[in-house]
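Below is one structure, written out as structure tokens, with a few remarks after it.
The values are calculated or read from the model by the stated rules, or taken from the named source; none is laboratory data. Values in this document were obtained by computation on a predicted structure and should not be read as measured data. We place every Cβ from the backbone using ideal geometry, glycine too, and count neighbours over all the protein chains shown. Side chains included, ligands, DNA and RNA excluded: accessible areas come from the protein's heavy atoms. Shrake-Rupley method; radii C 1.70, N 1.55, O 1.52, S 1.80 Å.
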Amino acid sequence: AVIGRYKLSVQSTSSGSSSPASLGTFVLLFNPWSSGDDVFMPNKAECEEYVLEEFGIIFAGNKNRISSFGWNFGQFQGDILNICLSMLDRSLNYRQDPATDVSHRNDPKYLGRVLSAMVNANDDQGVLLGNWSGNYAGGKSPSSWTGSGEILQNWKKSGFKPVRYGQCWVFAAVLTTVLRCLGIPTRTITNFSSAHDADGNLRVDEFYDASGNHLDRTADSIWNFHVWNESWFSRSDLGPSYSGWQVLDATPQEESGGIYQCGPASRNAIKEGDVELDYDCPFVFAEVNADCMYWNYDPATGKKTLIFSKSTVIGQFISTKAVGRDDRVDVTNDYKYEEGSTKERDIFKKARKKLGLEDKFDPTAPTPQEISQKPDISGKFKVAGHLEVGKDLSLILVLANLQSDAKTVDVNMTAWSTVYTRRPVHEIWKDSISVTLSPKEEKQFPIKIPYTEYQQQLTTDNTIQVTALCHVEGGIQVLVQRDITLDNPAIDIQVLGEAKVNKEVDVEVIFTNPIDVEVMDCVLRVEGNDLLREILEIDVPPLKASEKSSTKFKLIPFETGPKHLLVNFSCDKFADIKTFKMVNV
């Protein structure tokens with residue numbers, strides 16, 4: 001049956017031709033508990049998590065340092081169901097042909113695809129406008145949201161004007177809310193070192209100049225992380241082996257069928273390299289599997305030289321929240337065979353072949369000679385000390401001579417603040433050194449970037465990319481780089497007393513200013529289903545160096561059970577310090 005709002009009336013046979021009496025309306029949804037439904041999920045605990053659970057955990061950071069934060073999906077709150085249904089009636093498909101669109105609303109494949117387009121504002125005045133510039137004037141910074149409810153309500157209140165601004169996890173979290181609300185089991189997935197392959201060749205190219213600056217000269221990119229969705233339903237169009245988890249992605253990255261939508265791509269099809277199957281499998285396959293090529297580019301001559309290529313960088317630690325627990329579960333093996341195994345390389349070749357890439361000459365590809373070159377030295381950045389906002393950044397560049405003769409190396413180093421997509425925003429620091437390495441020698445070079453130097457340039461993502469381009473005399477260049485995500489200081493919540501329905505309980509939020517300057521413009525935002533009727537916003541007085549602040553407020557819970565309180569603290573020096581607390585009412 002088509003989902004949506006139905007009118008129900010009763011006609012009595014005895015009263016002849018009198019008009020039917022209306023009994024009211026009801027809303028029909030998908031039912032994952034029913035074995036006949038396309039979204040049937042046999043495991044009850046999974047139904048509880050992926051349809052009924054209103055709280056989630058989203059993973060972020062980078063592959064070296066995975067972080068997480070809570071999110072309030074809130075799919076059963078207030079007006080959310082009405083907003084989700086009106087979203088369907090605002091889609092391009094409905095506007096073009098309402099009757100056909102409605103007749104397809106029994107199909108989760110169809111709705112998943114339509115909603116992946118509606119959650120972003122591109123093409124259709126959808127829910128959220130994306131912004132990856134690092135400047136969020138005229139809206140809310142993507143990292144400041146803590147739940148989907150406020151975003152969906154704002155969209156409706158503004159007369160369905162796109163809400164500013166979203167980035168990948170916000171798009172994915174809102175799509176989770178909408179699909180769970182309609183009864184489709186859905187979860188968020190975070191992929192670390194995620195490829196955005198813009199030209200469909202299963203390869204991402206990155207370019208660096210001679211000074212080691214990461215150049216923004218291709219649409220290809222490798223994000224520190226990317227968040228998308230998986231929804232659970234059968235694929236009658238592809239056959240039973242492709243049913244189960246399906247990838248949907250509402251972040252507007254590439255057009256599909258002329259509009260910004262992505263999926264459903266069968267996760268099994270991705271793992272097996274069946275990239276010709278509907279929908280958008282090549283793009284998703286590349287996100288977790290693409291090969292990377294790193295090039296040196298000379299803007300003056302336009303000449304590019306391959307530094308090195310890697311087939312094991314992309315698609316690591318693919319993560320989602322555990323069922324019934326707040327832990328991380330790694331699902332990388334559900335997307336691909338073990339990295340570097342023969343099977344994984346065979347699948348990659350199979351995918352290339354299906355896309356016609358094996359037989360086609362690619363003038364942009366490196367030559368076999370370029371790929372087989374071996375570097376004379378190796379390098380890496382090691383972290384020394386704490387990676388925290390407010391502290392100096394201490395690193396060690398380790399260079400090792402792999403050869404049995406001495407090598408002279410000129411090293412050009414840069415550090416840039418970036419957004420989480422690794423798009424460079426501001427230069428923070430640069431330096432160059434000249435080094436002689438004896439045969440087989442390893443040397444360490446300490447690097448220190450003071451807080452005062454990076455503080456002004458940092459984006460709300462707290463990410464810095466450090467690069468060293470090593471020019472080895474008589475040998476090929478070596479690129480050493482590391483993406484660093486700095487931790488925010490901690491914030492603590494205490495519930496003072498027992499939480500009971502309709503009884504006041506005090507909550508205290510404690511924050512200590514860890515830096516030696518005053519922090520100002522401090523704001524605390526708190527939300528929690530069944531604990532607070534609306535989002536609480538509290539202005540906190542400025543805090544001097546090392547000063548501790550305690551902010552108290554009252555809750556009156558109105559439902560029993562385990563509830564989640566989400567807190568977001570911001571000030572002029574720290575953006576969006578988040579934490580959550582489970583409150584047993």
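A few remarks follow.
- Verdict on Pro557 being closer than 25 Å to Asp572 by Cα, at pLDDT 95 or above and of a type outside the set (Gly, Ala, Ser): no
- Entry remark, the stretch 223-258: residues being touching a Ser or Thr at 6+ places or on another chain (Cβ under 6 Å), among the aliphatic types (A, V, I, L, M) and either modelled with pLDDT under 95 or part of a strand (DSSP E or B) (or both) number 2 in total.
- Summed over the stretch 135-161, residues that are open to solvent by less than 30 Å² (accessible area, probe 1.4 Å) and within 30 Å of Gln456 (Cβ to Cβ) total 8.
- Take the conditions (1) in contact (Cβ under 8 Å) with a residue 60 or more places away in the chain; (2) surrounded by 20 or more Cβ atoms within 10 Å (Cβ to Cβ); Val519 misses just one of them, which is (1).
- Counting the residues of the stretch 353-366 that are in contact (Cβ under 8 Å) with a residue 24 or more places away in the chain and out of contact with any Gly (no Cβ under 9 Å at 6 or more places or on another chain) gives 4.
- Any hit, the stretch 298-305, residues being closer than 25 Å to Lys353 by Cβ, of a type outside the set (A, V, I, L, M, F, W, C) and either outside any strand (DSSP E or B) or open to solvent by 10 Å² or more (accessible area, probe 1.4 Å) (or both): no
- The residues of the stretch 328-338 that are part of a loop (DSSP other than H, G, I, E, B) and either touching a residue at least 40 places away in the same chain (Cβ under 8 Å) or under 19 Å from Val247 (Cβ atoms) (or both), listed by number, are Val331, Lys336, Tyr337.
- Annotation: of all residues in the stretch 550-581 being of a type in the set (D, E, K, R) and not in a strand (DSSP E or B), the one that is surrounded by the most Cβ atoms within 10 Å (Cβ to Cβ) is Lys573.
- Strands (runs of 3 or more DSSP E) enclosed by the stretch 29-145 - at least 2 residues per element that are at pLDDT 95 or above and among the aromatic types (Phe, Trp, Tyr): 55-62, 65-72
- Residue in the stretch 171-191 that is in the same structural domain as Pro299 (by the TED database), among the hydrophobic types (A, V, I, L, M, F, W, C) and modelled with pLDDT under 95 present: no
- Which listed residue, of Ala250, Ala265, Ala269, is without any contact (Cβ under 8 Å) to a residue 24 or more places away in the chain and within 19 Å of Ile189 (Cα to Cα): Ala265
- Selection from the stretch 306-321 of residues that are part of a loop (DSSP other than H, G, I, E, B) and open to solvent by 20 Å² or more (accessible area, probe 1.4 Å): Ser311, Thr312, Val313
- Going through (1) touching a strand residue (DSSP E or B) at 6+ places or on another chain (Cβ under 9 Å); (2) open to solvent by 20 Å² or more (accessible area, probe 1.4 Å) one by one, Gly324 falls short only on (1).
- First in the stretch 106-134 and closer than 30 Å to Asn462 by Cα and open to solvent by 10 Å² or more (accessible area, probe 1.4 Å), second anywhere and outside any helix (DSSP H, G or I) and among the charged types (D, E, K, R), Cβ under 6 Å, 6 or more apart: Leu129/Arg164
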